[in-house]
Structure formats: structure tokens, C-alpha cells
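Step one of this worksheet: look at the structure below.
The values are calculated or read from the model by the stated rules, or taken from the named source; none is laboratory data. As the structure is a prediction and not an experimental result, all values here were calculated from the model. Reconstructed Cβ throughout: ideal geometry from the backbone, glycine too, with neighbour counts over all protein chains shown. We work out accessible area using only protein heavy atoms, side chains counted, and drop any ligands, DNA or RNA first. Shrake-Rupley method; radii C 1.70, N 1.55, O 1.52, S 1.80 Å.
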Amino acid sequence: MGKPRLPWKRGPVAWKVACRSDEIRAALDRATRGFFSLRQTAKMLGVSTQPLRNWIKTGYLRADGPRHQLNKVEVDRFVAWLAKRAVPYSHKTYARRCLAGTRMFALPFARLDRARFSWPANREALTPGELARLVPCHPSLIVKAIRQGKLRGRRKSRCRWEVTKRAWEGRFMRAGI
């Protein structure tokens with residue numbers, strides 16, 4: 001998953017600026033200076049300097065003033081553009097996008113969700129080891145799903161679990177296909 005280019009799809013900062021656009025544009029009108037430094041602009045917009053650096057790097061803002069300062073007209077244009085086009089930031093893909101390149105994954109049971117296999121005939125329940133061979137995954141993933149309440153399991157003995165076909169299909173609908 002690549003980095004989204006539109007500012008409001010990269011994080012909630014652009015939407016916050018868009019929500020405060022009237023207040024920011026009024027402050028810009030009151031300002032007597034024609035150019036603002038990166039820090040002054042960030043303070044006026046109510047954000048840190050990093051989103052501004054990102055917006056300059058991607059070409060949404062131009063730092064064409066002396067010593068790479070931001071022109072008052074350019075900041076006003078950018079804020080008006082955000083007010084017109086920005087949409088609320090969706091948190092649905094936030095964790096997935098942040099953890100995409102790491103070994104940690106935001107959805108630890110995604111492998112179980114994607115599993116497609118036929119349940120063995122004449123077997124009411126399977127142990128985590130037997131399920132792991134069908135999925136394929138490590139048995140500890142299935143035990144973790146049971147312990148976290150993502151999958152209903154029953155105890156065979158004090159340290160052994162088993163998962164019924166009904167419990168598996170109730171949680172992972174596509175798995176029984």
C-alpha cells in the first residue's frame with residue numbers, strides 16, 4: 001500500500017485545518033507581513049511543521065518567498081483549497097497504513113480470515129494443531145484467537161483446546177468453503 005498523495009488522506013491534520021479555515025483566513029487578512037516562516041505558518045494553521053514540510057515536498061504549498069518563506073497569498077489559497085475539497089480522515093486504514101512495512105500487522109487474525117479449506121468429514125472438532133495444518137499457520141495463532149475471544153473454543157483438558165466446526169464457521173464465514 002503506497003502513500004496517499006492527497007493531504008486529507010494522509011492524516012487528520014488537513015481536515016483540522018479545513019475546519020478552522022474561516023478563522024485562519026481571518027488571521028491571514030489581519031497579518032501585515034507578506035511572507036511567513038515555516039514555524040509562523042505552522043503556528044497560524046495550528047499544526048506542527050512536519051505536515052507543512054510534507055505539503056511543500058508534494059507540491060501543494062510553494063515556499064517561493066525569501067529564505068524559503070511562505071507567501072501570504074499562497075497560504076490563503078491552500079487553506080481555501082482545503083476548505084473546499086478536504087474530507088474527514090478515515091481511521092479505517094490508519095493502522096494498516098502505519099504498520100504496513102513492519103513485521104507487526106494491525107490485523108493479527110487476517111490469516112485466519114483469509115483461510116479457505118474444507119472441514120474434514122466426520123470431525124466435529126479440531127485441535128489448534130490440526131487447524132494450523134489446514135489454514136496454514138502456527139497453532140499459537142489459533143490459541144491466541146481463542147484466548148482473546150475472537151474464536152470460540154472448548155477445553156479438551158487443562159492445556160488443550162479444540163474448535164468445533166460451528167464455532168469456526170460462525171467466526172470465519174469463508175473458511176468452510
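Assorted remarks:
- Total formal charge among the other residues, if their Cβ is under 13 angstrom from that of T49, Lys/Arg +1 and Asp/Glu -1: +4
- Heavy-atom accessible surface of D29, to the nearest 10 Å², is about 120 Å², with a 1.4 Å probe and all protein chains retained.
- Above-threshold pairs, the threshold being 32 Å between Cα atoms, out of K43/K84; K57/K150; K9/K150; K9/K43; K57/K144: K57/K150; K57/K144
- When only Cα pairs below 8 angstrom with a gap of at least 6 residues are kept, the range 116-177 shows a relative contact order of 41 percent.
- Net dipole in debye of the range 124-177 [+1 Lys, Arg Cβ; -1 Asp, Glu Cβ; about Cα centre; nearest 20]: 260
- Rounded, prolate or oblate (a/c below 1.5 giving rounded, otherwise prolate when a/b exceeds b/c) for the range 21-73 by Cα gyration tensor: oblate
- Taking other residues whose beta carbon is less than 15 angstrom from the beta carbon of P120, and scoring Lys, Arg as +1 and Asp, Glu as -1, yields +1.
- Summed residue charge, Cβ within 12 Å of F78's Cβ, Lys/Arg positive, Asp/Glu negative: +4
- Taking all protein chains together and a 1.4 Å probe, the residues E124, E169, E162 rank E124, E169, E162 from largest to smallest accessible area.
- Relative contact order for the range 1-82, counting Cα pairs under 8 Å that sit 6 or more residues apart, in percent: 35
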